[in-house]
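Trainee: Sharing a structure with you now.
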Amino acid sequence: MTQKEQVYVWQIPIRLFHWVNAFCITILFITGMYIGHPAFTVSGEAAGHFLMGTCHYVHVVTALIFTANMLFRLYWFWAGNDYAKLRFWRKSFWQDTFKTLKYYLFLSKKSTPHVGHNSLASLLYLCFIWLAGSMMIITGMAMKSGSDPNGTWFALFGWIIPVLGGEYNVRIWHHLLAWGYPLFLIGHLYMLFRQDILDKDGTVSSIITGYKFVETNSCASPDLDLSSETISAGALGALGAVSSQNNSL
Amino acid sequence: MSLEEKESYYQWALKKGISRRNFLKFCTAMGAMLGLEASALPKIVNAMETKPRIPVIYLNLQECTCCSESFIRSGHPLVADLILNMISLDYMEVLQAAAGDQAEAAKQKTMKDFFGKYLLVVEGSVATGDGGVYCTIGGKTTQSVLEEAAEGALAVVAYGSCAVNACVQGSAPNPTNAVPVKEIITNKPVINVPGCPPIAEVITGTIVYYLTFGTLPELTNQGRPKAFYQHRIHDNCNRRAFFDAGQFVESFDDEGAKQGWCLYKMGCKGPTTYNACAITQWNDGLSYPIKSGHPCLGCSEDHFFDKGPFYTHLADVPNHVIGKNPDQIGLIGLGVAGAAAGAHALATAAGKAGKTSTHNSPKDKSGN
Ligand code: SF4
């Protein structure tokens, strides 16, 4: 039996970002798939329909929300609490990555307790959400802006067209990277449900409530120093502290 | 004869019996084609009346001559006539009467007399493989022919996709190691006029612009004259309404094809192709591929020949090496990831079960 306490991990802006992001990606993926593969064809006069046009419109508007959301999150890396940060330039980040990798490869039995993200998860976010996401934004904006070659958008994003060797390649990259999202989703869902089941730390519900449950004797990951906010939140959380029996399976 | 002694376009036109009215019409058409304001018209007229005709050397390197065919078939009869006569085409193997040594002498003379003042138009790519043996003219490799002629040129126009991106002969595996003009000529302005073949009016437009303003026309970020290459075919396509409506041809003989629906699903590359086909069109505005029912192949885009298959919308990446298009790759990736997650879950469960059976104490089951 281990004592657990509640720790406030995900601040409201983080949770908001997460759900806006998830929502946007879902819409973008669905409309994007239709744009790439218009499966249904409508009949009658063209003047009576605007199916592709609507999909395209929704895709672009959602893309703009998605981009704004990403920019906001970028700001929150700076403004948010310790769990909102991604310090991949630190040595400890990479040490933790390898430790976590070993754990997931069943090479070590012990899971290092993490309150925020483990470094492996952070690395996946860095690749799939940030690097691939930026490429999605740049390639998408370039394709959008091509219809106004003298406009501001084209001036901002048009450079990617010659860099990738023509707009057709821009399109190919946009398609290829889009598949990164469902790929990421599988890993993301699997890892967090597994984490929740094995460690009973409330990982799944934390993205709604903001709280995770952490063993009192080892509540911080090596690279995270607890901020005062966390500690006070932790004290607050003692109210609802749940003692859980990990052997209750 | 120096350049100054050459007659102007207008003098030439008068000699040909072209009326002043038709001459002005031509100037207006050119101004419109280049997207210039009406106020530029007097400047164009003035330039055409006073400036001497630019000498042009036209090289045919590793190519199929479809660009030359396009070049001599400009739509508007006056324009067609002018293209051939407004420039003083001093060397062009396909059209000139002279052959052999005589032709070579004419080229040498132009290069000497008008050093730094002639325009070099290049059709075809440069074969650099195995010392350039795959294409030689008069015993010289294409590279030396090009370098020699480019030496005294005021600018080089890479005319056609061969000269811009090595086109078909440069597609994988590129056996002759064909390279575009811009990789050989790096110390001169190179104007890219891609297309297989490109539209003839671009050459005339470029020359008129140069005469009028003394500079080369504005280029896009891919080095192409902006007046012709800034818009996508898709954005000016006459089938665009069907695209937006969601009405697509599914096969070349279906009802949609008869109705003239959008060719997107037949592999149309119009959405990613920057060219003027949909605006100027071909054969005096008669038609262009999409209008006549065939999807755009994207012939003015770099390495279009590698981006097949032509009749599916997404190309295989990269260059058929994998033989799958991005969506197929994505689905395979998804399958693999799903299977991996499943296997990992099983392994985790097995690990837990194993632990339970070996150490039968409740404390050890925690996994913590
Ligand atoms: S036919 Fe091609 S260029 Fe025209 S609207 Fe359809 S996809 Fe676009």
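Throughout, read-outs are computed from the coordinates displayed, never taken from laboratory work. Note that the structure is predicted; figures quoted are calculated from it, not measured. Positions of Cβ are generated from backbone atoms using ideal geometry, with glycine treated the same way; all protein chains shown enter the neighbour counts.
Trainee: Using unit Cβ charges (K, R positive; D, E negative) and no other charged atoms, how large, in debye to the nearest 20, is the dipole of the protein assembly as shown about its Cα centre?
Mentor: 1460
Trainee: Can you tell me the order of B:193-201, B:108-116, B:92-100 when each peptide is scored by its average per-residue count of other Cβ atoms within 10 angstrom, highest first?
Mentor: Going from most to least packed, we get B:193-201, B:108-116, B:92-100.
Trainee: Same structure again: Kindly point out, ordered by number, any Cys in chain B whose beta-carbon has no other cysteine beta-carbon under 4.7 Å away.
Mentor: Result for chain B is B:C27, B:C64, B:C66, B:C67, B:C135, B:C237, B:C262, B:C268, B:C277, B:C296, no neighbouring Cys Cβ within the cutoff.
Trainee: Given the Cα atoms of the range A:12-80, and with Rh set as the inverse mean 1/r over their pairs in the Kirkwood sense, what is Rg to Rh to two decimals? Show your work: numbers first, answer last.
Mentor: Details: Rg = 15.9 Å, Rh = 13.6 Å.
Using only Cα positions, Rg/Rh for the range A:12-80 is 1.17.
Trainee: Quick one: dipole size for the range B:231-323, taken about the Cα centre, charges +1 on Lys/Arg Cβ and -1 on Asp/Glu Cβ, in debye to the nearest 20.
Mentor: So the dipole magnitude of the range B:231-323 works out to roughly 160 debye.
Trainee: Can you pull the percent of Cα pairs in the range B:177-315 with separation above 24 Å?
Mentor: Everything past 24 Å amounts to 37 percent.
Trainee: While we're looking at this one, here's another question. What angle do you read, to the nearest 10 degrees and between 0 and 90, between the alpha-carbon axis of helix A:91-104 and the longest principal axis of chain A?
Mentor: 90
Trainee: Same structure, new question: Name the chymotrypsin sites (Phe, Trp or Tyr not before Pro) in the range A:1-64 that are in a loop by DSSP and that have at most 14 other C-beta atoms within 10 Å, would you?
Mentor: When the chymotrypsin sites (Phe, Trp or Tyr not before Pro) of the range A:1-64 are filtered for loop state and at most 14 Cβ neighbours within 10 Å, A:F40 remain.
Trainee: Quantify how strongly other chains surround peptide B:237-249 by giving the mean number of their Cβ atoms within 10 Å of each of its Cβ atoms.
Mentor: Partner-chain Cβ atoms within 10 Å, mean over residues of B:237-249: 6.
Trainee: Next up: Express the relative contact order of the range A:12-80 as a whole percentage, based on alpha carbon pairs under 8 Å and six or more residues apart in sequence. Each step should come with its number before you reach the end.
Mentor: Details: 35 pairs, mean separation 35.6, N = 69.
Rounded, it is 52 percent for the range A:12-80.
Trainee: Ignoring solvent entirely, what values of log10 I(q)/I(0) come out of the Debye formula for the range B:114-155 at 0.18 Å⁻¹ when each Cα is a single scatterer?
Mentor: So the normalised log intensities work out to -0.52.
Trainee: With an 8 Å Cα cut-off and a minimum separation of 6 or more residues, compute the relative contact order for the range B:231-323 in percent.
Mentor: Working: 144 pairs, mean separation 25.7, N = 93.
Averaging sequence separation for qualifying contacts and normalising by length gives 28 percent for the range B:231-323.
Trainee: Turning to a different aspect of this structure: Along the charge dipole of chain B, Cβ charges K/R +1 and D/E -1, which of B:N165, B:G100, B:N238 sits furthest on the positive end?
Mentor: Farthest towards the positive pole: B:N238.
Trainee: Moving on to the next point. For the range B:53-227, what does the relative contact order come out to in percent, with C-alpha contacts under 8 Å and a separation of six or more?
Mentor: 23
Trainee: While we're on this one: Long-range amide H contacts for B:S287: which residues qualify at under 5 Å (H placed 1.01 Å from N, peptide plane, sequence gap of 5 or more or a different chain)?
Mentor: B:W282
Trainee: So how tilted is helix B:41-50 from the main axis of chain B? Cα-based, degrees 0 to 90, rounded to 10.
Mentor: Taking Cα atoms only, the helix is inclined about 50 degrees.
Trainee: Using bins 5 angstrom wide from zero, how does P(r) for chain A break down, in % of all Cα pairs?
Mentor: Cα pair-distance distribution for chain A, in percent: 1, 5, 11, 15, 16, 14, 11, 9, 7, 5, 4, 2, 1, 0, 0.
Trainee: Distance in nm between label sites at A:T216 and B:V94, each 7 Å beyond Cα in the beta-carbon direction?
Mentor: 8.8
Trainee: Also, quick follow-up: Just round it to a whole percent: the fraction of Cα-Cα distances in the protein assembly as shown exceeding 46 Å. Write out the running numbers ahead of the final one.
Mentor: Working: 70063 of 190036 pairs.
Taking all Cα-Cα pairs of the protein assembly as shown, the fraction more than 46 Å apart is 37 percent.
Trainee: How high is the FRET efficiency from A:F72 to A:S147, r the C-beta distance, R0 41 Å, rounded to 0.05?
Mentor: Working: r = 27 Å, r/R0 = 0.66.
The value I calculate is 0.90.
Trainee: FRET efficiency for A:F88 and A:R15, Cβ-Cβ distance as r, R0 = 25 Å, nearest 0.05?
Mentor: The value I calculate is 0.65.
Trainee: Can you list residues whose amide H is under 5 Å from B:G246's amide H, if they're 5+ apart or on another chain and H is modeled 1.01 Å from N?
Mentor: Those lying under 5 Å, H to H, from B:G246 are A:L51, A:M52, A:G53.
Trainee: At a Förster distance of 60 Å, what's the computed FRET efficiency of B:L14 paired with A:F193, Cβ-Cβ distance as r, to 0.05?
Mentor: Values: r = 85 Å, r/R0 = 1.42.
Step by step, r from the Cβ atoms, then E = 0.10.
Trainee: Now for a different question. Restricting to Cα atoms and excluding each atom paired with itself, what does the Kirkwood estimate give for the range A:83-204 in Å?
Mentor: 16.7
Trainee: Connecting C-alpha atoms closer than 10 Å in a GNM of chain B, tell me which of B:K16, B:K352, B:K182 has the biggest fluctuation.
Mentor: Comparing B:K16, B:K352, B:K182 in a Gaussian network model of chain B, the most mobile one is B:K352.
Trainee: Among B:C262, B:T280, B:L314, which residue has its Cα positioned farthest towards the positive end of the charge dipole of the range B:231-323, with +1 placed on the Cβ of Lys and Arg, -1 on the Cβ of Asp and Glu, and the dipole taken about the Cα centre?
Mentor: B:T280
Trainee: With everything on Cα atoms, drop me the angle between helix B:100-113 and the longest principal axis of chain B, reported from 0 to 90° to the nearest 10.
Mentor: On a 0 to 90 degree scale, this one is about 80.
Trainee: Toward the positive end of the charge dipole of the protein assembly as shown, about the Cα centre and with charges on Cβ (Lys, Arg +1; Asp, Glu -1), which of A:I27, A:L198, B:G132 goes farthest?
Mentor: Value computed over the given set: A:L198.
Trainee: Treating only the Cβ of Lys, Arg, Asp and Glu as charged (+1, +1, -1, -1), what charge dipole size does chain B show about its Cα centre? Round to the nearest 20 debye.
Mentor: The calculated dipole for chain B is roughly 960 debye.
Trainee: When the Karplus curve 6.51 cos²θ - 1.76 cosθ + 1.60 is applied with θ = phi - 60°, which whole-Hz ³J(HN,Hα) does each residue of the range B:163-172 get, with x for Gly and Pro?
Mentor: 6, 8, 9, 6, 6, 5, 5, x, 6, 4
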